[in-house]
1. Residues of segment 72-88 being surrounded by 12 or more Cβ atoms within 10 Å (Cβ to Cβ) and in a helix (DSSP H, G or I), which ones?
2. Take residue 67 and decide whether it is in contact with a strand residue (DSSP E or B) (Cβ under 9 Å, 6 or more places away or on another chain), outside any helix (DSSP H, G or I) and closer than 30 Å to residue 149 by Cα.
3. Kindly provide the set of residues from segment 89-108 that are exposed (fewer than 12 other Cβ atoms within 10 Å of the Cβ) and modelled with pLDDT of 90 or more, ordered by number.
4. Where residues in segment 91-105 are touching a residue at least 40 places away in the same chain (Cβ under 8 Å) and in a helix (DSSP H, G or I), which of them is farthest from the chain's Cα centre (by Cα)?
5. Any residue at all in segment 4-26 that's part of a helix (DSSP H, G or I), closer than 24 Å to residue 87 by Cα, under 32 Å from the mean Cα position of the chain (by Cα) and at pLDDT 85 or above?
6. Scan segment 42-53 and tell me whether some residue there is at pLDDT 90 or above, in a helix (DSSP H, G or I), within 29 Å of the chain's Cα centre (by Cα) and surrounded by fewer than 17 Cβ atoms within 10 Å (Cβ to Cβ).
7. Quick one: which residue in 195, 219, 200, 208 is closer than 24 Å to residue 84 by Cβ, modelled with pLDDT under 95 and assigned to a helix (DSSP H, G or I)?
8. Could you list, in sequence order, all residues of segment 135-152 that are exposed (fewer than 15 other Cβ atoms within 10 Å of the Cβ) and either over 18 Å from residue 77 (Cα atoms) or in contact with a helix residue (DSSP H, G or I) (Cβ under 9 Å, 6 or more places away or on another chain) (or both)?
């Protein structure tokens, strides 16, 4: 978009607006142009001067980078909001731990205990199976390879139980054992990062695909 700064300044600032599910974030691209030169249809600046060519190349670059970051975040299982995408674009995104990362960390530690003859190999196999069950559930329920820890809430446990009993065909008792194992892994995560358990339990789990728009338009 282009936004007018002052009445005594005939030029307007070229600004990028990120819109994801009606949530917006905006940032300046660092250029000023005459508002009438802005083409809202192509979202570029009209003209063939060296400055216009430079601005339009930068607009295309920014749009391509936003798309790249958006796709990368989705592949990691991150719930992408306008703010999250903007932070990723600016290089200040904070990586969040995921449930499978915690499971892998737990199992690696347990493997060391088995090597030191402090735990049994059979028990390790059960922990590894728990990890595989969680991964299969996330892929089935969320269509994602992994899930951030802050997206784990009460419905997650209930949905996981239903998946194990209805989709995987396990008995209620067996399914509960996997849930208890998962809960123990989550306690390890809370202990490790100082998170508030109550806060972690109230996070919402995304179940729908988000839509994103990266636009340069008049306001």
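The values are calculated or read from the model by the stated rules, or taken from the named source; none is laboratory data. Since this is a predicted model, take the numbers as computed values, not measurements. Cβ atoms come from the backbone with ideal geometry, glycine included; neighbour counts cover every protein chain shown.
1. Of segment 72-88, the ones surrounded by 12 or more Cβ atoms within 10 Å (Cβ to Cβ) are 72-74, 76-88.
Scanning segment 72-88 gives 72, 73, 74, 82, 83, 84, 85, 86, 87, 88.
2. Details: in contact with a strand residue (DSSP E or B) (Cβ under 9 Å, 6 or more places away or on another chain): yes; outside any helix (DSSP H, G or I): no; closer than 30 Å to residue 149 by Cα: yes.
Here the answer is no, as residue 67 does not meet what is asked.
3. Of segment 89-108, the ones exposed (fewer than 12 other Cβ atoms within 10 Å of the Cβ) are 90-92, 94-95, 108.
Across segment 89-108, the qualifying residue is only 108.
4. Residues of segment 91-105 that are touching a residue at least 40 places away in the same chain (Cβ under 8 Å), as a first pass: 96-103, 105.
If we keep only those that are in a helix (DSSP H, G or I) too, we end up with 99-103, 105.
Values: 99: 13, 100: 15, 101: 15, 102: 17, 103: 19, 105: 21 Å.
The qualifying residue farthest from the chain's Cα centre (by Cα) is 105.
5. Our first condition is that a residue be part of a helix (DSSP H, G or I); within segment 4-26, this holds for none.
No, every residue in segment 4-26 fails to be part of a helix (DSSP H, G or I), closer than 24 Å to residue 87 by Cα, under 32 Å from the mean Cα position of the chain (by Cα) and at pLDDT 85 or above.
6. no
7. Values: 195 fails: assigned to a helix (DSSP H, G or I); 219 fails: assigned to a helix (DSSP H, G or I); 208 fails: assigned to a helix (DSSP H, G or I).
Answer to the selection: 200.
8. Filtering segment 135-152 for residues exposed (fewer than 15 other Cβ atoms within 10 Å of the Cβ) gives 136, 139-140, 143, 145.
Correct list: 136, 140, 145.
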